[in-house]
1. Filter segment 1-27 for residues that are assigned to a loop (DSSP other than H, G, I, E, B) and free of Cβ contacts under 8 Å to residues at least 12 places away in the same chain and give the result.
2. Quick one: in segment 123-156, which of the residues that are in a loop (DSSP other than H, G, I, E, B) and crowded, with 16+ Cβ neighbours inside 10 Å is modelled with the highest pLDDT?
3. Of (1) within 22 Å of residue 120 (Cβ to Cβ); (2) at pLDDT below 80; (3) within 18 Å of the chain's Cα centre (by Cα), residue 193 satisfies all except one. Which?
């Protein structure tokens, strides 16, 4: 029997559709090897295709138990997400992407952030994805697209908590836009959002995961790192974060150092 969801709405816990619960029970009865084979199927027309709600369920069950298997399912899940989000994906160089493409990239980044938070501690925001995965992804995209259309520069979610700066400084010393004396200035924050969202996606994700408190290195193999989420080693992840910080510094202050 599938583990119950924890998120509440009007005091009642979220519940998965009966069809999803049934498929979870079906897959749980299989051997690990056969279950992974089913979960890896990407063709929706395949009779053995597994709903994304189920894929996410089994991915979450691997938290802290099997980092290698978690990474395999994590990559499969991201392939599914990118396949349903419209638009292209930003690279280190190339033409300016459209608002649709930027919104798709922002939605993917937000989903990765939620997965990272869930890996290091249960995050009930993912519960809705286990109930209606497609609708949840579409909601992320709609939110990102709405922000694209509200202003010339896209808005990035920035921390508002009083202790945010202390909590997120997991990186080496240097320019930190959140520690800037102008951080409380609304105009500065708008410029900061635009600068963050103009970053290449891998740099943006490295920066935001760092701000989420995800470590760059860990002696515990069950703890996810920034590099494991964006697909690179510790040094490369730090370099991406540092390039992002420098790009933001230049955008906000000018290259005058």
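1. Step one: list which residues in segment 1-27 are assigned to a loop (DSSP other than H, G, I, E, B), which gives 1-7, 10-11, 14-17.
Correct list: 4, 10, 11.
2. Going through segment 123-156, the residues in a loop (DSSP other than H, G, I, E, B) turn out to be 123, 132, 151-156.
From what is left, the residues that are crowded, with 16+ Cβ neighbours inside 10 Å are 123, 132, 153-156.
Values: 123: 92, 132: 87, 153: 44, 154: 39, 155: 41, 156: 43.
Filtering first and then ranking leaves 123.
3. (1)
Residues are listed down the side, and each one gets a yes or a no for (1) within 14 Å of the chain's Cα centre (by Cα); (2) at pLDDT 75 or above:
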position: 45; (1), (2): no, yes
position: 81; (1), (2): yes, yes
position: 97; (1), (2): no, no
position: 102; (1), (2): no, no
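The values are calculated or read from the model by the stated rules, or taken from the named source; none is laboratory data. Computed from a predicted structure; not experimentally measured. Positions of Cβ are generated from backbone atoms using ideal geometry, with glycine treated the same way; all protein chains shown enter the neighbour counts.
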